[in-house]
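Asks: This structure is in structure tokens; I'll ask about it shortly.
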Amino acid sequence: MLPMFKSKTVAAVTVLALSLSAVAPAHAWGQREQDVLKGVIGAVLIGALINQANKPPKTQPLPVYAPAPTSIYNTPAAQRFDDYSDNSQRRIQSTLSAYGYYHGSIDGSFGPSTYNATVAYANATGKTALLGSVAGVASIYDGLLF
């Protein structure tokens, strides 16, 4: 296809116009007939170009973005951990450390070490499903405290 034509219709009209002008010998048609034929071909070609220009552009599908990862500080584990007293928070970290899951300082602050230790402990004890709710995490933390 010719690169200047963006539409199959425009290309087809152009080919038709060129073939019609070559079919009729110049001596069989007078100057007026040839001019009329040129005008008709030009009008059809311009009409095809206008139709092509008025077509709505093809829309691209919208990109799909992955949801932003949830911060560990917005998880049920963090929410429930903050409800305990400072002493209980340190005891939870201490117990997780005694079991070999927590490797940070026993400071009573919830952070990545506490979160990772809680998740590892829940996975090891078959309590992963409890991590989805504050009540479930409370039962994990209460099991570590008592």
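Asks: Report the residue count in the range 117-146 for those that are among the polar types (S, T, N, Q) and under 17 Å from Ser85 (Cβ atoms).
Replies: Result for the range 117-146: 0.
Asks: Take residues that are open to solvent by 50 Å² or more (accessible area, probe 1.4 Å) and touching a Phe, Trp or Tyr at 6+ places or on another chain (Cβ under 7 Å) and tell me which of the helices (runs of 4 or more DSSP H) falling wholly in the range 76-146 contain 1 or more.
Replies: Helices (runs of 4 or more DSSP H) meeting the threshold: 76-81, 112-124.
Asks: Which residue, of Tyr141, Tyr73, Tyr84, is in contact with a helix residue (DSSP H, G or I) (Cβ under 6 Å, 6 or more places away or on another chain) and in contact (Cβ under 8 Å) with a residue 12 or more places away in the chain?
Replies: Just a single option satisfies the conditions, and that option is Tyr141.
Asks: Might you let me know whether the range 43-54 holds any residue that is modelled with pLDDT under 95 and not in a helix (DSSP H, G or I)?
Replies: No, every residue in the range 43-54 fails to be modelled with pLDDT under 95 and not in a helix (DSSP H, G or I).
Asks: While we're here: Return only the number of the condition from (1) open to solvent by less than 80 Å² (accessible area, probe 1.4 Å); (2) assigned to a loop (DSSP other than H, G, I, E, B) that Pro61 does not satisfy.
Replies: Unmet condition: (1).
The values are calculated or read from the model by the stated rules, or taken from the named source; none is laboratory data. Nothing here was measured: the structure is a model prediction, and the numbers come from that model. Cβ: placed from backbone, ideal geometry, glycine included. Neighbour counts: every protein chain shown. Heavy atoms of the whole protein, side chains included, go into the accessibility calculation; ligands, DNA and RNA do not. Shrake-Rupley method; radii C 1.70, N 1.55, O 1.52, S 1.80 Å.
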